[in-house]
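Participant: What follows is a single structure, and I will ask about it in a moment.
The values are calculated or read from the model by the stated rules, or taken from the named source; none is laboratory data. Predicted, not measured: the structure shown is a model, and the values here were computed from it. We place every Cβ from the backbone using ideal geometry, glycine too, and count neighbours over all the protein chains shown.
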Amino acid sequence: MATPRPPGRGVFNISFEVIPAFRRKSIVRNAFWISSRRFFLETYRLTRPLLTGLCLLGLAGPALAATQAGKILFSQGTVTAQQAGSALRIVGKGSPIDEGDTVSTDAKGFAVIEYIDGARNTLRPASRLTIDRYREDGTLQTLAAGGIRSVSGAIAKLRPDAVKYQTATATLGIRGTSFDARLCDGDKSCQDPLPNPAARALLIKGQVSAGGRVLVKGGAVAEGDTVSTGAASIAVLAFADGSRASLGPNTRFSVKEWRYAKGQGGQAALRLVDGAARIVTGAIGKANPQAYKVHAATAVIGIRGTGFDLNCRAACADTSALGAEAPPAQSGARGRDMPAEGSRLFAHTWQGTIEVATGPYRVPVSVGQALAVNVGNGASDYLPRVPAFMQEDTLPRPDAVPGNYDDVDQTARPGLYSWVRSGRVALAQGGGEVALAPGEAGYADLAGSVPEKLPAVPAFMADDDTPLPDEFDEVQTRLQLRAQLRASLIEAPAQCTIR
């Protein structure tokens with residue numbers, strides 16, 4: 001009889017000799033399964049964090065991968081791009097620009113971005129643009145500061161309603177378009193760029209343009225410009241010599257000739273095309289009254305240190321030639337009734353004296369007097385009193401408006417300005433929308449009001465020298481930048497001190 005073996009050490013504390021043979025294979029299989037299960041559970045416990053992280057990375061990887069929207073075609077100055085929650089990176093020519101990037105330029109820099117569909121944007125100095133989404137089925141970009149000069153690509157052509165730009169309050173819908181957008185909020189780049197103009201706007205109410213440009217407070221009026229006011233709109237202009245002009249609604253007033261140097265006199269020829277104006281003269285008229293003339297219809301008004309009003313509406317604006325026999329002024333209006341507004345050129349003097357010339361005749365109009373001039377034959381009539389429509393005019397006397405030529409603020413109204421060069425742009429805000437065609441400009445304020453169509457393109461947009469993205473030439477741009485740098489060094493040479 002065999003001697004029993006001592007108990008073994010292992011999973012089971014039992015001797016195999018006492019177990020029937022048919023049970024041994026089953027026990028071995030069960031022991032192996034239990035050991036393997038324990039090994040698997042222990043391995044899973046130790047490696048679970050790693051496996052979970054790898055799974056998450058595998059699942060999230062495609063969603064987190066950035067989608068390239070375009071690239072930097074050219075940059076000047078410091079240009080940066082940044083994803084939300086990521087570090088700021090410096091970008092330059094050839095750098096990729098991805099969805100979610102906010103691209104920024106410094107005060108003296110700009111960048112030309114070329115997108116995957118061929119669209120291009122020139123990002124102006126001191127600007128910030130976020131590419132929220134750029135896919136084949138639509139794009140959305142947010143302008144937070146500064147401005148862009150834009151040319152649409154294939155997406156806008158294939159899906160006209162799928163390309164949009166937005167600000168905090170307004171939206172621009174782009175339809176196969178070349179356009180500019182400028183966000184102004186006390187930005188000096190939104191000032192009129194014209195240096196030393198003939199006049200600046202002291203006061204603007206409503207819609208006013210000058211030389212085809214929107215005229216804002218502080219905006220410039222140059223020699224050759226015609227200032228136009230809309231209905232219920234007025235403008236007060238301060239000229240460089242201290243003279244001023246208040247312009248009433250529906251008025252056109254031209255600066256035909258203007259030459260002035262402080263302390264040296266000058267020459268001025270102004271024209272009231274139609275409408276109403278209140279004028280007070282300045283240094284040119286005081287130094288040489290013959291050098292300051294105001295034309296209205298077929299009359300020429302000469303001055304002698306003067307303040308006066310002119311009214312020329314409707315039939316008055318007909319500048320047909322004077323008759324050969326223009327009679328001198330008569331004492332009192334012809335007929336029983338005062339002439340109606342629009343039937344004559346009316347003049348009224350409230351300071352100094354003016355002289356109204358029609359053909360060979362010179363008619364003086366002193367303080368308190370009023371004159372009516374028939375523009376058809378040049379006949380002039382002194383009126384017994386100032387016409388009621390001139391007395392009741394709410395247009396302010398220009399010398400009563402505060403401010404002066406040198407100190408007036410030249411900054412445009414805060415808001416979004418858009419100018420269409422080709423195609424169409426829909427400017428929407430506050431539940432309203434303005435459709436802009438080529439050559440038209442629109443404005444949306446920062447308060448969320450319904451946008452408006454402007455009577456002309458703002459000067460700070462029309463005269464923008466930032467390169468257009470579709471006309472961009474890198475070689476030419478670099479040459480221009482070098483020339484500007486060279487000119488600035490010549491104008492402001494370095495100061496050296498030898499000790």
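Participant: Looking only at region 232-252, filter to residues that are under 11 Å from residue 278 (Cα atoms) and outside any loop (DSSP other than H, G, I, E, B); which one of those is nearest to the chain's Cα centre (by Cα)?
Facilitator: Selected residue: 235.
Participant: While we're on this one: Check 448, 439 and return the single one that is surrounded by fewer than 16 Cβ atoms within 10 Å (Cβ to Cβ), in contact (Cβ under 8 Å) with a residue 12 or more places away in the chain, within 21 Å of residue 144 (Cβ to Cβ) and of a type outside the set (Val, Ile, Thr). Lay out the reasoning, then the answer.
Facilitator: Numbers: 439 fails: within 21 Å of residue 144 (Cβ to Cβ).
Going through 448, 439 in turn, the sole match is 448.
Participant: Consider only pairs whose beta carbons are under 6 Å apart and that are at least six residues apart or on different chains; among these, list those whose first residue lies in region 253-268 and is farther than 12 Å from residue 285 by Cα and whose second residue is charged (D, E, K, R).
Facilitator: Matching pairs, first to second residue: 254/271; 255/223; 255/225; 256/271; 258/223.
Participant: One residue is enough: does region 258-276 have a residue meeting the conditions buried (at least 24 other Cβ atoms within 10 Å of the Cβ), among the β-branched types (Val, Ile, Thr) and over 18 Å from residue 196 (Cα atoms)?
Facilitator: no
Participant: Continuing with the same structure: Which of the residues spanning region 118-138 are closer than 14 Å to residue 68 by Cα and in contact with a Phe, Trp or Tyr (Cβ under 8 Å, 6 or more places away or on another chain)?
Facilitator: 134
Participant: How many residues are crowded, with 18+ Cβ neighbours inside 10 Å and among the small types (Gly, Ala, Ser) when one looks only at region 360-375?
Facilitator: 2
Participant: Considering region 305-330 alone, what residues qualify as being in contact with an Asp or Glu (Cβ under 8 Å, 6 or more places away or on another chain) and either hydroxyl-bearing (Ser, Thr, Tyr) or modelled with pLDDT of 80 or more (or both)?
Facilitator: Across region 305-330, the qualifying residues are 307, 309, 311, 312, 313.
Participant: While we're on this one: Which numbered condition trips up residue 433, out of (1) in the same structural domain as residue 233 (by TED's automatic domain parsing); (2) without any contact (Cβ under 8 Å) to a residue 60 or more places away in the chain?
Facilitator: All conditions pass for residue 433, except number (1).
Participant: Residue 434 fails exactly one of the following numbered conditions: (1) β-branched (Val, Ile, Thr); (2) under 22 Å from the mean Cα position of the chain (by Cα); (3) modelled with pLDDT under 90. What is the number of that condition?
Facilitator: (3)
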